1. Using Cα positions and a limit of under 18 Å, work out the aspartates and glutamates in reach of K176, with same-chain residues fewer than 8 apart set aside.
2. What nm value, rounded to one decimal, do you get for the distance between S135 and S71 when each label is placed 7 Å out toward the C-beta?
3. Contour minus end-to-end for K112 and M126, with contour as 0.36 nm per residue of separation and end-to-end as the Cα-Cα distance?
4. On C-alpha positions alone, give me the angle between the axis of helix 60-81 and the longest principal axis of the chain, in degrees, nearest 10.
5. Label-point separation (nm) for S98 and E166, each offset 7 Å from Cα along Cα-to-Cβ?
6. Where Rh is the Kirkwood radius over the Cα pairs of the chain, the temperature 4 °C and the viscosity 1.567 mPa s, what D in µm²/s does Stokes-Einstein return?
7. Using the Cα gyration tensor of region 84-165, with a ≥ b ≥ c the square roots of its eigenvalues, what is the shape: rounded (a/c below 1.5), prolate (a/b larger than b/c) or oblate (neither)?
8. Give me the extension gain from K173 to S16: residue separation times 0.36 nm, minus the current Cα-Cα distance, reported in nm with one decimal.
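Only the coordinates and a few stated rules stand behind these numbers; no lab work does. What you are looking at is a predicted structure, and each value in this text was computed from that prediction instead of being measured. Every residue, glycine as well, gets a Cβ built from its backbone with ideal geometry; the counts of neighbours run over all protein chains shown.
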Amino acid sequence: MSRIGKKPIALPQGVSVTYRERQVHLKGPKGEHVFPVPQPVDVKVSDGKIEVLADYVNDKAARCMMGTVRSVLQNMVTGVSEGFIKRLQLVGVGYRASVQGKNLELLLGYSKPVNVTLPESVSVEMEGQTLIVLSCHDNVLLGQTAARIRSYRPPEPYQGKGILYENERIRRKAGKAGKK
């Protein structure tokens with residue numbers, strides 16, 4: 001049985017939820033979400049909380065999906081009420097970034113700067129020239145955007161240069177051993 005799936009999701013102040021035609025509509029101060037509920041589970045909205053329901057006895061697929069649906073809904077509630085933040089740090093000589101509207105320009109040691117167009121709901125701020133702060137109400141979109149930016153110069157283990165998530169530690173490797 002899913003222990004996580006049984007827990008109700010408390011709705012914070014300012015978040016409204018409607019459930020109709022197997023779709024959960026969430027609206028809050030940071031944005032809006034629509035989530036189609038998969039077939040084996042059902043959702044009940046009442047008294048400032050969301051509950052995920054399933055047939056435990058007869059349906060194994062419903063038991064499996066219950067925790068997943070509850071976690072996705074919890075992330076959506078957190079996103080529309082508080083939002084999510086990811087920080088990327090540029091490590092390397094001459095690596096820096098700048099923002100022009102919805103475009104992020106990265107200088108990563110290539111012959112030309114890399115221009116990244118950000119999705120509409122993702123906002124970007126710079127702290128200095130080497131720390132990129134991305135924020136969004138959609139955790140999945142934010143993670144995909146951060147991974148796409150990171151893919152232009154992933155961290156490498158020999159010198160430790162690249163685009164890192166904040167507080168990420170790169171396991172360093174020893175270089176080539178010389179002949180004796």
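1. The reachable aspartates and glutamates, counting only those whose Cα sits under 18 Å from K176, are E156.
2. Here the answer is 2.7 nm between the modelled labels.
3. Values: separation 14, 0.36 × 14 = 5.04 nm, distance 2.05 nm.
Extra length from K112 to M126 when fully extended: 3.0 nm.
4. Helix 60-81 and the main axis of the chain meet at about 70 degrees.
5. Modelled inter-label distance: 2.3 nm.
6. Details: Rh = 19.0 Å.
For these conditions, the coefficient is 68 µm²/s.
7. prolate
8. Numbers: separation 157, 0.36 × 157 = 56.52 nm, distance 5.06 nm.
That works out to 51.5 nm of additional length.
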